[in-house]
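Step one of this worksheet: look at the structure below.
Nothing in this text is a laboratory measurement; each read-out follows from the coordinates by a stated rule. Note that this is a predicted model, so its numbers are computed, not measured. No Cβ is skipped: glycine too gets one built from the backbone with ideal geometry, and neighbour counts run over all protein chains shown.
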Amino acid sequence: MKIGVLGGTFDPVHIGHLIIAEEVRFRLKLDHVLFIPAGQPWLKVNRVISEAKHRVAMTNLAIASNSYFKLSSVEIDHPSPSYTVDTIKTLQTQFNSAARIFLILGWDSLNELPLWKEPGRVISMCQLVIVPRLNYPRPDLKSLDKTIPGIVSNTIMLDILTIDISSTEIRRRVAEGVSIRYLVPQEVEKYIAENGLYR
């Protein structure tokens, strides 16, 4: 079984996330893509994020129409700041040893990888799948390999369709009363309005 993993705060989840997940799923013939809303991301400890219940609800609404997409609350259920190495370890326990895990990251996240907890262990536990992120430089894998040996041989670089949408921009637009139609799934737009998020 081939399992894709797409993590993020998903505050809110948007069309860009869904496009990335579907492109990677299709290109790599994955059986499922797990959307994993972050609990308290350690790299964003100084930023206030929406309650987990809202981010989980929005993610569930966004992925409901795609049978290949699943939601995992593994990081939400973790009481302390979440680290990818611990998440992957938990997923390996949940699935059997035959499951291959493909961790989907943007160019920006890959460049931050040396700052992560046990990055060498992360790349030994799963296959990295790197997708473009607009306005960020393409990562230099050979340079990263000096810091994290083995990353070159354990990384798939995919040039896929990218949409320049950010959750930060969506939150700003909602706060200013500007339309977010077509930036998020209709169900997510409705949920944001009904729950008064980002006002």
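Assorted remarks:
- Of the residues making up the stretch 159-197, those that are surrounded by 14 or more Cβ atoms within 10 Å (Cβ to Cβ) and polar (S, T, N, Q) are Thr162, Ser166, Ser167, Asn195.
- Residues of the stretch 66-113 satisfying the condition of being touching a Pro at 6+ places or on another chain (Cβ under 7 Å) and either among the hydrophobic types (A, V, I, L, M, F, W, C) or in a helix (DSSP H, G or I) (or both): Ile76, Trp107, Leu110, Asn111, Leu113
For every residue, the table says whether it meets (1) within 20 Å of Ala52 (Cα to Cα); (2) in contact (Cβ under 8 Å) with a residue 40 or more places away in the chain.
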| position | (1), (2) |
| --- | --- |
| Thr84 | yes, yes |
| Thr90 | yes, no |
| Ala98 | no, yes |
| Pro119 | no, no |
| Glu176 | no, no |
| Tyr182 | no, yes |
| Ala193 | yes, no |
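- Of all residues in the stretch 134-156 being part of a loop (DSSP other than H, G, I, E, B) and β-branched (Val, Ile, Thr), the one that is surrounded by the fewest Cβ atoms within 10 Å (Cβ to Cβ): Val152
- Matching option when the condition is in contact with a strand residue (DSSP E or B) (Cβ under 8 Å, 6 or more places away or on another chain) and within 24 Å of Asn60 (Cα to Cα), among Val174, Val129: Val129
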